Amino acid sequence: MGNNKKWIGWNKPITVLTLSAIVILAAIYFLIIGRAKAPGCFQFNDGTLQKWTLDQLYDTYSKPYKKIATFIPGTPPTYKTYTPFSLVNYQNIALAAATNLYLVSDPKVKSADIILESPNLSKDPNWQNSVGYSIDVRREFYSPCFDPPKSFFAQLQLKIIDTSDNSEHLLAERDQTGNFKFHEIKFNKPYSLKWKWGKTLKLKTKSLSPSGYKVKHIRIRFTMPGWISKEECFFRGKWKIGNVCPLK
């Protein structure tokens, strides 16, 4: 018995079918290429942390800059360094600092920081001679009670090695007036940030050309509220980053 079913497109000219196939193949090719890893980029699409680390939790306004200790009830009560966030790979698309409960017990701490740091890049040729970097950021860190404005920020940082004396220097993005630049990060909104320092890096006492330094670490500092008085309003959720790429 013959097959009486008619396949869609069976009576179309071969050129139409060919063009349709080309469109489909082009779309598949675009998806594959779009997910391919660009040289030097951290896209976190392999299920791992890609050797990134998390440093926490700092009092934003402390001088000298120091970590926060939190109250631990008991007999006698004690204090220990507070580490509410865990670093996780999020669905093969991002790196996330996540917490189910964020509690700063010292009312003197008005604002707090965490820092995400890349692995050592000093031997990665993709990051040497770069003139900046770009990064995607998203905040899914929230309180069920409120979302105070001007309280959540990302600061782009860079650690380099001065090859003239092997000294290390920590730098941060600055605005056109020379002040440190902090990007306000609103809840559940995607951001694509870029810091382009150019062909010259300025230290306190001198400037360095790309041949005079090595990029060692990329660092992202996230700032958020500190002490919250009401338990039902404690923060929870994630800070996410992705597509951390050198600029040439």
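Here, each number is a calculation from the coordinates, and none is a lab measurement. Keep in mind the model is a prediction, meaning the values are calculated, not measured. Virtual Cβ from ideal backbone geometry, glycine too; neighbours counted across all protein chains shown.
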| All aspartates and glutamates inside 13 Å of residue 123 as judged from Cα atoms, apart from same-chain residues fewer than 8 positions distant | none
| Helix 14-35: angle to the longest alpha-carbon principal axis of the chain, degrees 0 to 90, nearest 10? | 20
| remark: Note to self, the chain gives a 222 nm [θ] from helices alone (DSSP H runs n ≥ 4, -39500 (n - 2.57) apiece, / all residues, nearest 500) of -3000 deg cm²/dmol
| query | Ranked by Cβ crowding within 10 angstrom, fewest neighbours first, how are 207, 229 ordered? | reply | 229, 207
| message | Charges on Cβ only, +1 for Lys and Arg, -1 for Asp and Glu, centred on the Cα centroid of the chain; of 178, 105, 79, which one is farthest towards the dipole's positive end? | response | 178
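When the chain is fully extended, how far beyond the present Cα-Cα distance does residue 120 get from residue 227, taking 0.36 nm per residue of separation?
Extending this stretch completely gives an extra 35.2 nm.
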| request: Output the relative contact order of the chain, whole-number percent, from Cα pairs under 8 angstrom with separation of 6+ residues. | output: 28
| task | Consider the candidate values (1) 17.5, 50; (2) 22.0, 66; (3) 23.9, 89; state which one is Rg and Dmax of the Cα atoms in Å computed from the structure displayed. | result | (3)
| Out of 206, 66, 110, any idea which swings most in a Gaussian network model of the chain, alpha carbons joined below 10 Å? | 206
| Can you sort 130, 105 so the residue with the fewest Cβ neighbours within 10 Å comes first? | 105, 130
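Report the net charge of residues surrounding residue 190, where surrounding means a beta-carbon distance below 12 angstrom and charges are Lys +1, Arg +1, Asp -1, Glu -1.
Values: positive: 138, 139, 186, 189, 240; negative: 136, 140.
So the surrounding residues net to +3.
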| remark: Scalar couplings 3J(HN,Hα) for segment 109-116 by Karplus 6.51 cos²θ - 1.76 cosθ + 1.60 (θ = phi - 60°), nearest whole Hz, x for Gly and Pro, are 8, 8, 8, 9, 10, 10, 10, 9
